[in-house]
Structures are given as C-alpha cells and as structure tokens.
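Down below is the structure, laid out as structure tokens.
The values are calculated or read from the model by the stated rules, or taken from the named source; none is laboratory data. Remember, it's a predicted structure, so these values are computed and weren't measured experimentally. Heads up, the Cβs are rebuilt from the backbone with ideal geometry, glycines too, and the neighbour counts pull from every protein chain shown. Accessible surface is based on the protein model in full, side chains and every heavy atom, while ligands, DNA and RNA are left aside. Shrake-Rupley method; radii C 1.70, N 1.55, O 1.52, S 1.80 Å.
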Amino acid sequence: VDKYRPETCIIVGNYYSSKGRHEKAVQYFQRALKLDRSYLSAWTLLGHEYIEMKNTAAAIEAYRRAVDISDREYRAWYGLGQTYEIMNMLLHALFYFRKAAALHPHDARMWCAIGGCLLGLDRRGDAEKSYERAVSLGDGEGIATRKLAELYREDGDEEKAAKCYLRHLELRYQSQLAVPLTGGSADSSPEAFENVVNHVRVDEPEAEALLYLAYYYRDNLEYDAAILCATRLEDYPGPEKEQGKGLLRDIRSRMDHKVGQRRYKRRSKSPKTPGRGVNSSMDSTSEANAESSFEFSP
C-alpha cells in the first residue's frame, strides 16, 4: 500500500473518524488534499469532520470547495444544509437541502431534513408532505414516521397517528433484519403485527409508539392488541414501563367487567319457572266455568 496516495489517506481518515478521533481524521483528509487538491470526497469528508468538531465556518468552507469542484455532489449540499441548520439559519438550510434532494430524490433522509426545516418555519402542511414522501421512500431510520405521528396526534387524527406509529415499529424492525420482512404488513396481517411488536428493539421512540398504540387499541376495544403492546413495555426502563403496567390493569379490569355483563345478560334471558303460567291458566278456566254455571242456573 502506498501511504502517499490520497486514497490511502482517505481510508486512514475514515478509520479515525469511525473511532471518534476527529482531529486525527482531519489531518489525514488534509494530507489527501495536499496530494490532490481536486479530490472531491476529501473535501466533503473534511466538512463532515468539522461538523463533528462544531467548527461550522471551516465546514462551510470545505463543503463549498466540494460543490465548486462538482455541483452534483449531493452530500456536500446536504452538509451545507446541516451546517446552516445548526446555525439556526433555516431558510439557508432549506435551500441547500432542496439542492441535495433534487440530485438524490430517492433518499428519505433528504426529505426528512426538508420537513424539519419547514416545521421550524411553521409551514406545517408542507412539512407533513415532506415527511410523507420520506415514509414512501422507506424511512429506514424511522424519523419521518415518528414526526408524522406527532403531527397527527396534535391534529387529533388518532387513526393516522396509530398507523404512523405502527409503520415506525415495522421499519425499525426491518432495519434489524438481514433480509426483508415477509408475510404482509403489520397493519394488515395479525401474524406480522404480532411478530413486529414482539421482536422490535425497544428504545425511546419505540416505547413512545408502543404506549400510544396500547391506548389506541384499548379505546377501540381491541384488547388483545393493546395487551401485546403494553406487555412489551414491561422490560423497558423508562416511565413508559409504569404507564404500561397501569394500562394492563385497566384493560384486564375492563375485560372482567365485560365478562360479568355477558353472564348477567345470559341469566336475564333464561326461561322463567312455569308455575305462574299454569296457575294463571287454571284461574282463567275456573272463572270461565263459574260464569257458565251462573248464566244457565235455573
């Protein structure tokens, strides 16, 4: 391996970056640029490292050098958007994110970034459309599904919020698998639903989704689904664990009450004892005989 080739410096720089040693990574990316000033990836990667080091001015300079070399370097446009977003200059960030999305329109991350800027600019409707597009493109990180669910909750659209939370769990579960999920979606297949809920790794976003779904299914009288979601929270260390336990007690109480009502209805519908009917018949017969003897007596 020739250590004086820029490609070698890039490989070593990426290694140090993966280890969190960003200053060392910067040294190797700069060394690559000394060997080849037009090395596009080196400028982009250098910008990424400066972002990690919170050096926004240097990051902007590196990304601009990258797009000067090639205006089709979508990663550099995206990096500029991230940098301006960090600086809370959302209109600038939106401009650069849109440039990146135009070059790489099938990447859900681009549309998530656009949605975040639009939401920060109080353009809620446009933000929802951007997040919906991200979901349609896969949203493997689950950012768009969670954001959409929050927006639908705020709008009072519980059904759409529940679908987004379920889709979030499904996407997170798919990201854990080496092969794509088969057997239908969790929204349409009970087996797929049970598989996703039972096996998805539960972190904070997933705990939020499970808790919301548990309440949603309880309120819609789908107690089995509600119990399944709430039970998954029993091993989660956050506050959702206690909320899940309380919800399980409430669901079981409602189910016991429902069973009691059914027993009461069966008792109330059981046939009455025949004694009253027989006596009534005998009474009416005796009255008829009495009337008959009264009419024909001499």
Identity of the residue in the range 139-171, part of a helix (DSSP H, G or I) and of a type in the set (Gly, Ala, Ser), that ends up surrounded by the most Cβ atoms within 10 Å (Cβ to Cβ): 144
In the range 1-22, the residues that are part of a loop (DSSP other than H, G, I, E, B) and exposed (fewer than 13 other Cβ atoms within 10 Å of the Cβ): 1, 2, 3, 4, 19, 20
Residue count, the range 23-34 (criterion: open to solvent by 50 Å² or more (accessible area, probe 1.4 Å) and under 36 Å from the mean Cα position of the chain (by Cα)): 1
task: Output the number of residues of the range 198-225 satisfying the condition of being more than 18 Å from residue 153 (Cα to Cα), assigned to a helix (DSSP H, G or I) and in contact (Cβ under 8 Å) with a residue 12 or more places away in the chain.
output: 4
message: Could you tell me how many of the residues in the range 105-134 are open to solvent by 30 Å² or more (accessible area, probe 1.4 Å) and touching a Cys at 6+ places or on another chain (Cβ under 8 Å)?
response: 0
- request: Would you mention how many residues in the range 66-76 are open to solvent by 70 Å² or more (accessible area, probe 1.4 Å), under 15 Å from residue 96 (Cβ atoms) and assigned to a helix (DSSP H, G or I)?
  value: 2
query: What residue, among those in the range 40-64 that are among the aliphatic types (A, V, I, L, M) and within 20 Å of residue 11 (Cβ to Cβ), is surrounded by the fewest Cβ atoms within 10 Å (Cβ to Cβ)?
result: 40
query: If you check residue 211 against the conditions, is it over 20 Å from the mean Cα position of the chain (by Cα), modelled with pLDDT of 85 or more, under 30 Å from residue 176 (Cα atoms) and open to solvent by less than 60 Å² (accessible area, probe 1.4 Å)?
result: no
field: Answer from 66, 76 - the residue that is farther than 25 Å from residue 121 by Cα and without any contact (Cβ under 8 Å) to a residue 40 or more places away in the chain
entry: 66
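Check whether at least one residue in the range 187-205 is of a type in the set (Ser, Thr, Tyr) and surrounded by 17 or more Cβ atoms within 10 Å (Cβ to Cβ), and report yes or no.
Narrowing the range 187-205 to residues of a type in the set (Ser, Thr, Tyr): 188-189.
From the residues that got through so far, the ones that are surrounded by 17 or more Cβ atoms within 10 Å (Cβ to Cβ) too are none.
For the range 187-205, residues of a type in the set (Ser, Thr, Tyr) and surrounded by 17 or more Cβ atoms within 10 Å (Cβ to Cβ): absent.
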- prompt: Does residue 37 satisfy the condition of being of a type in the set (D, E, K, R), surrounded by fewer than 23 Cβ atoms within 10 Å (Cβ to Cβ) and not in a helix (DSSP H, G or I)?
  reply: yes
